[in-house]
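Data block below; observations after.
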Amino acid sequence: MIWLNGQLRDADNALSTQDRGLLLGESVFETLLVSKGVPQFWQAHLARLAAACDAFDLDNPYRDDALRAGVVALLAAHEATERAVLRLTITGGGGAGKGGRGLVPHEKSQANVILQVSPAPPRPAALRLADCAVTRFAGGASRAHKTGAYLDNIMARKQALAAGADEA
């Protein structure tokens, strides 16, 4: 179950395969710890998400109160009470002919706003770190934001795991 554009939906088949977040990585997100039903550092995460939306010209049509209501509904649907992980994603939208193809479409699509919740993993007693060969481009536009283009992070994590570490 996810919250997509104001409605609880089954996670399977909820998002168009033409969504720009899926096709091009045109998305931003925040991940929050939920403790006893309360998203931690909510305002700080929303501020960071707003900055990322501004940086990448993505619209968030939902205000704080609507997102909070979505979180409450989603947590209730998942019966998440103690510890959970909440991910708030805003994509470039698209699908059903809206926006068109290409790096800069002929018309702007309405963004998709997605809330997802999953159980929080147990806290590790310690973490093992490893250096890896993968680096992020320090001058890139996405360097200061969490975006859907996470391939560098995925490759670094795979290298860390191959080296017997938890994180890179």
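Among (1) more than 17 Å from residue 46 (Cβ to Cβ); (2) modelled with pLDDT of 90 or more, which single condition is residue 115 missing?
All conditions pass for residue 115, except number (1).
Among the residues of region 11-44, which ones are within 24 Å of residue 109 (Cβ to Cβ), in contact with a strand residue (DSSP E or B) (Cβ under 8 Å, 6 or more places away or on another chain) and either not polar (S, T, N, Q) or not assigned by TED's automatic domain parsing to the domain that holds residue 68 (or both)?
11, 14, 15, 19, 20, 21, 22, 25, 26, 28, 29, 30
Within the set of pairs 6 or more residues apart or between chains, which connect a residue that is touching a residue at least 60 places away in the same chain (Cβ under 8 Å) inside region 6-21 to a residue that is among the acidic types (Asp, Glu) with Cβ atoms less than 6 Å apart?
Taking only residues 6 or more apart or on different chains, the pairs are 20/26.
In the set 109, 142, which member is part of a loop (DSSP other than H, G, I, E, B), among the polar types (S, T, N, Q) and in the same structural domain as residue 20 (by TED's automatic domain parsing)?
On the way: 142 fails: in the same structural domain as residue 20 (by TED's automatic domain parsing).
So the residue among 109, 142 that is part of a loop (DSSP other than H, G, I, E, B), among the polar types (S, T, N, Q) and in the same structural domain as residue 20 (by TED's automatic domain parsing) is 109.
Given the conditions (1) within 23 Å of residue 21 (Cβ to Cβ); (2) of a type in the set (A, V, I, L, M, F, W, C); (3) surrounded by 10 or more Cβ atoms within 10 Å (Cβ to Cβ), report the number of the one that residue 120 does not fulfil.
Answer for residue 120: the failing condition is (1).
The values are calculated or read from the model by the stated rules, or taken from the named source; none is laboratory data. The model shown is predicted, which means the values in this text are computed figures rather than measured ones. Backbone-built Cβ (ideal geometry, glycine too); neighbour counts: all protein chains shown.
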